[in-house]
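Here's the structure we're looking at; comments come further down.
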Amino acid sequence: MPYGEKTKEQLIEFSSKIFEFFKEKGVKAVVMACNTTSATTYDVLKNDFDFKIYPIIQSVTKIFAQLPIQTIGILATHATINSHAYKNGINLVNPDIKVIEQACPDWVKIVEEKLEDKPESMTAVKKDLEAVLKEKPEKIILGCTHYPYLLNILKNFASEDTFINPAEAFAKYIKADLEKANLLSNSNTGKEKFYVSGSPQKFINAASLFYTIKDLPEQIILT
């Protein structure tokens with residue numbers, strides 16, 4: 001961590017090991033919730049595994065390309081921005097939409113370390129956001145899983161409904177696609193199991209921002 005500052009080669013290695021782990025577990029589908037890995041590794045690895053893979057960027061860009069707007073902003077990590085995955089995906093469907101890209105390298109750390117109340121955090125967020133706002137976008141995609149947790153800062157500088165959390169459209173897309181492929185379970189019950197390559201307790205602490213994890217995750221070594 002953070003993935004956004006890693007090289008493409010490192011990200012491919014990480015993702016490949018994670019996919020091999022899921023293959024051993026016999027999964028029916030894998031969700032690439034991370035924008036950075038979706039942008040940089042999906043096209044390289046998508047044909048190497050038998051299970052269904054859902055990459056967030058490639059799944060939602062076709063949806064956002066159909067919005068009745070002319071200009072859209074992308075806030076994301078360096079790796080995602082450098083890949084131009086959002087821009088290319090949107091313009092492939094709708095070449096008339098102007099896409100403004102802006103890397104926000106400090107934002108993940110602000111969220112992970114819960115530094116939202118620090119004056120320097122406000123300054124960093126404002127600086128990156130203003131680089132996009134000067135182009136007057138009608139909507140702005142928060143292209144990293146961490147960024148929606150900065151909405152309390154972001155809405156000081158632009159209307160809250162300007163910002164799009166792509167996870168919402170992504171979840172609806174996955175459900176619809178699983179139904180279409182007859183892979184969606186009819187059960188209303190299930191179980192969860194978390195695996196981490198780092199500290200289980202640190203993972204629980206970081207995850208507490210959005211979810212309560214009841215059982216200690218299992219620490220593994222990806223080989």
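The values are calculated or read from the model by the stated rules, or taken from the named source; none is laboratory data. Being a predicted model, the structure only gives us computed values, none of them experimental. Methodologically, a virtual Cβ is constructed for each residue, glycine included, from the backbone with ideal geometry; neighbour enumeration extends over all protein chains shown.
Of the residues in the range 1-30, how many are outside any helix (DSSP H, G or I) and not β-branched (Val, Ile, Thr)? Residues that pass the stated criteria total 6. When the residues of the range 141-167 are filtered to those that are among the charged types (D, E, K, R) and touching a helix residue (DSSP H, G or I) at 6+ places or on another chain (Cβ under 9 Å), the one that is nearest to Ile90 (Cα to Cα) is Glu160. Of all residues in the range 42-82, those that are in a helix (DSSP H, G or I), surrounded by fewer than 24 Cβ atoms within 10 Å (Cβ to Cβ) and within 12 Å of the chain's Cα centre (by Cα) total 2. Being assigned to a helix (DSSP H, G or I), surrounded by 21 or more Cβ atoms within 10 Å (Cβ to Cβ), in contact (Cβ under 8 Å) with a residue 12 or more places away in the chain and assigned by TED's automatic domain parsing to the domain that holds Ile141 is the requirement here; does Ile90 meet it? Taking the combined requirement at face value, the residue satisfies it.
Within the range 19-41, if we keep just the residues that are free of Cβ contacts under 8 Å to residues at least 60 places away in the same chain and closer than 20 Å to Asn182 by Cβ, the residue that is nearest to the chain's Cα centre (by Cα) turns out to be Val30. The range 108-223 holds helices (runs of 4 or more DSSP H) entirely within its bounds, and those carrying 1 or more residues that are without any contact (Cβ under 8 Å) to a residue 40 or more places away in the chain and charged (D, E, K, R) map to 119-133, 166-180, 200-207. Of everything in the range 1-56 that is in contact with a Phe, Trp or Tyr (Cβ under 7 Å, 6 or more places away or on another chain) and not hydrophobic (A, V, I, L, M, F, W, C), the residue that is nearest to Ala169 (Cα to Cα) is Pro55. Within the range 173-223, the set of residues being within 19 Å of the chain's Cα centre (by Cα) and of a type in the set (Lys, Arg) comprises just one member, Lys175. Only one of the numbered conditions (1) in contact with a strand residue (DSSP E or B) (Cβ under 6 Å, 6 or more places away or on another chain); (2) surrounded by fewer than 18 Cβ atoms within 10 Å (Cβ to Cβ); (3) of a type outside the set (Phe, Trp, Tyr) is violated by Gln102, and that is (2).
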